[in-house]
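Note sheet for the following structure.
All of the numbers you see were taken from the coordinates with simple rules; none came from a lab. Bear in mind the structure is a predicted one, so any value in this text is a computation, not a measurement. Heads up, the Cβs are rebuilt from the backbone with ideal geometry, glycines too, and the neighbour counts pull from every protein chain shown.
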Amino acid sequence: MFELKKKGDQYHFNLKAGNGQVILSSEMYNSKAAAKNGIESIQKNCSDDARYEKKTAKNGKFHFNLKSTNGQIIGSSQMYSAESGMNNGIESVKKNAPGAEVKEVE
């Protein structure tokens, strides 16, 4: 499920797995419509392996970004202690994002 939240005068969303764990977070958007476009972009791009940018942080933890066709980051993962965890996170996005419902939360 995508949780769409308003923070101040901006919007952001999290993609959550069935167990409630956040697997992908968005940037801040200036409008609800822009945030919903971001969700649609994730749903459209998440099945393409080439859209995932795998990274290693300075502290040795792993994370990934999901990019749109124009190269803009549309979602970022949490930090994982192992590369296998990051790869599982990518698979979870591929599995959960395409048909996920959007829930607006206060």
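List the residues of the stretch 1-26 whose backbone N lies under 16 Å from a point placed 7 Å from the Cα of Glu106 along the Cα-to-Cβ direction. Answer for the stretch 1-26: 4-8. Remark: the stretch 55-68, residue by residue, has Karplus-estimated 3J(HN,Hα) of 9, 10, 6, 4, 7, x, 7, 10, 7, 9, 10, 9, 10, 7 Hz, where x stands for each Gly or Pro and the curve is 6.51 cos²θ - 1.76 cosθ + 1.60 at θ = phi - 60°. Computed from the Cβ-Cβ distance with R0 of 22 Å, the FRET efficiency linking Asn30 to Asn65 stands at 0.60.
Helical content alone sets the calculated 222 nm signal of the chain at -8500 deg cm²/dmol, taking -39,500 (n - 2.57) per DSSP H segment of four or more residues and averaging over every residue. Can you give me the long-range amide H partners of Leu24? Hydrogens built in the peptide plane at 1.01 Å from N, cutoff under 5 Å, separation of 5 or more residues or another chain. Amide H neighbours of Leu24, under 5 Å, 5+ apart: Leu15.
Net charge dipole, the chain: roughly 160 debye, given to the nearest 20, about the Cα centre with Cβ charges of +1 for Lys and Arg and -1 for Asp and Glu. Please go through the residue pairs Lys32/Lys55; Lys54/Lys103; Lys6/Lys36; Lys67/Lys94; Lys55/Lys95; Lys36/Lys67 and name each one whose alpha carbons sit more than 24 Å apart in this structure. In this structure, Lys32/Lys55; Lys54/Lys103 exceed 24 Å between Cα atoms. Computed from Cα positions, the angle between helix 83-96 and the longest principal axis of the chain comes to roughly 40 degrees. Site pair Lys5 and Glu40 shows an inter-label distance of 2.5 nm when each label is modelled 7 Å from Cα along Cα→Cβ.
Just so you know, the Rg over Rh for the chain is 0.95, from Cα atoms, with Rh as the Kirkwood radius.
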